[in-house]
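S.K.: So that we are looking at the same thing, I have put the structure below in structure tokens.
The values are calculated or read from the model by the stated rules, or taken from the named source; none is laboratory data. Since we're looking at a predicted model, the values are computed, not measured. So basically every Cβ, Gly included, is an ideal-geometry build from the backbone, and we count neighbours across all protein chains shown.
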Amino acid sequence: MKLFVVVCENPNPRIEAAIRRHFPKDHLVLAFNAWLVGGQTTAQELSRTLGIYDGSNGAGLVIGVASYYGRASKRTRDWISQRFSLDDRPAQHDGDDVESAAEG
């Protein structure tokens with residue numbers, strides 16, 4: 001599965017509704033204007049699906065993720081690692097939950 005970040009400059013309930021409708025089990029809300037989305041698609045096709053490409057649901061960016069590293073909640077780290085790993089290697093984490101990071 002490929003991993004994407006969808007981000008809008010402002011809150012956009014139409015894009016959020018499209019993400020929930022098309023990717024009900026393969027999205028995670030990061031912030032009021034940012035989501036992680038997993039799927040077997042391209043950034044351009046995801047943009048079309050969400051109504052960003054033609055502007056029908058407003059403006060936003062779809063960014064394909066080739067790698068990741070950083071600090072995030074255990075919920076976010078778990079969501080990513082269950083769906084996405086680089087070259088089939090275990091995902092590396094540095095997060096706020098030291099015990100779970102040490103275990104996983």
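S.K.: Quick one: in the stretch 36-52, which of the residues that are of a type outside the set (A, V, I, L, M, F, W, C) and surrounded by 16 or more Cβ atoms within 10 Å (Cβ to Cβ) is farthest from PHE84 (Cα to Cα)?
M.R.: GLY51
S.K.: Return the residue satisfying two criteria in turn: it lies in the stretch 53-83 and is charged (D, E, K, R) and within 22 Å of THR42 (Cα to Cα), and of such residues it is farthest from the chain's Cα centre (by Cα).
M.R.: Here the residue is ASP54.
S.K.: Turning to a different aspect of this structure: I'd like to verify a number: residues in the stretch 58-69 that are touching a helix residue (DSSP H, G or I) at 6+ places or on another chain (Cβ under 8 Å) and under 18 Å from ILE15 (Cβ atoms), how many?
M.R.: Number of matching residues: 5.
S.K.: Condition check: of a type outside the set (A, V, I, L, M), touching a Pro at 6+ places or on another chain (Cβ under 7 Å) and surrounded by 13 or more Cβ atoms within 10 Å (Cβ to Cβ). Does ASN57 satisfy that?
M.R.: no
S.K.: Among the strands (runs of 3 or more DSSP E) confined wholly to the stretch 17-65, which include 2 or more residues that are closer than 21 Å to ARG75 by Cβ?
M.R.: It comes to 27-31, 34-39.
S.K.: So which of SER73, SER85, SER47 is at pLDDT 95 or above and of a type in the set (S, T, N, Q)?
M.R.: One residue alone meets the criteria, SER47.
S.K.: Within the set of pairs 6 or more residues apart or between chains, which connect a residue that is closer than 12 Å to ARG14 by Cβ inside the stretch 39-57 to a residue that is of a type in the set (D, E, K, R) with Cβ atoms less than 6 Å apart?
M.R.: ASN57/ARG14
S.K.: Exactly one of these conditions fails for ARG14: (1) surrounded by 13 or more Cβ atoms within 10 Å (Cβ to Cβ); (2) in contact with a strand residue (DSSP E or B) (Cβ under 9 Å, 6 or more places away or on another chain); (3) of a type in the set (D, E, K, R). Give me its number.
M.R.: (2)
S.K.: Considering only residues that are over 21 Å from ARG75 (Cβ atoms) and modelled with pLDDT under 95, which ones fall in the stretch 1-10?
M.R.: GLU9, ASN10
S.K.: I've got another one for you. Filtering the stretch 25-35 down to residues that are at pLDDT 95 or above and within 18 Å of ASN57 (Cα to Cα), which residue is surrounded by the most Cβ atoms within 10 Å (Cβ to Cβ)?
M.R.: TRP35
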